[in-house]
Amino acid sequence: MTDARLRLAKDGDAATIYDIVADAGQLSSGAPSSLDDLVQFLRGEHGGAFVATAGGADAGVALFARQGEVFWLVRLAVRERFRKRGIGAALVAAVEARARAEERTAVFVQAIKADAVIQYFEGLGYDIDREEPDVARGEPVVMVDLIKLL
């Protein structure tokens, strides 16, 4: 288990979230990828995030979005020095608990098929829902949607 403490992020946490995501090597195109995008995401009614701290340092973040009856886990990032301590799993569990509290039916995650993260989420109880080419990226990648029914 982890010694991390989790908190629901406020829009004032945007710089912290941005730093964690950048430090974890998770900045990319997609939602949200700039500091301004993060502020707007956190201020909006459909987005949110959990921030994990461990040993007094910001360690990880999980961004989520509400869409109809489901939650999307938009981004999960844990700083490298805090990995393999259960922080990522704790953040995912927090998103799932929030989804249940809001009476949502499922949590979805989308990942590139070649990424090892797919096996990570399968280990947390997620199932592959579908695979499809991502034409928007302009690259020959296959995106995988994973789902966990709540």
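What follows draws every value from the coordinates through simple rules; no lab data is involved. Everything quoted here is computed from the prediction, not taken from an experiment. We place every Cβ from the backbone using ideal geometry, glycine too, and count neighbours over all the protein chains shown.
For this structure, a couple of remarks:
- The number of residues in segment 47-63 that are in contact with a strand residue (DSSP E or B) (Cβ under 7 Å, 6 or more places away or on another chain) and within 23 Å of ASP3 (Cβ to Cβ) comes to 11.
- A search for C-beta distances below 7 Å between a residue of segment 73-96 that is over 19 Å from ASP19 (Cβ atoms) and any residue that is part of a helix (DSSP H, G or I) and of a type outside the set (Asp, Glu), counting only pairs 6+ apart in sequence or on different chains, returns LEU73/VAL92; LEU73/VAL95.
- Among the residues of segment 43-100, those identified as in contact with a helix residue (DSSP H, G or I) (Cβ under 9 Å, 6 or more places away or on another chain), within 17 Å of PRO32 (Cβ to Cβ) and among the small types (Gly, Ala, Ser) are GLY47, GLY48, ALA49, GLY60, ALA62, ALA65, ALA77.
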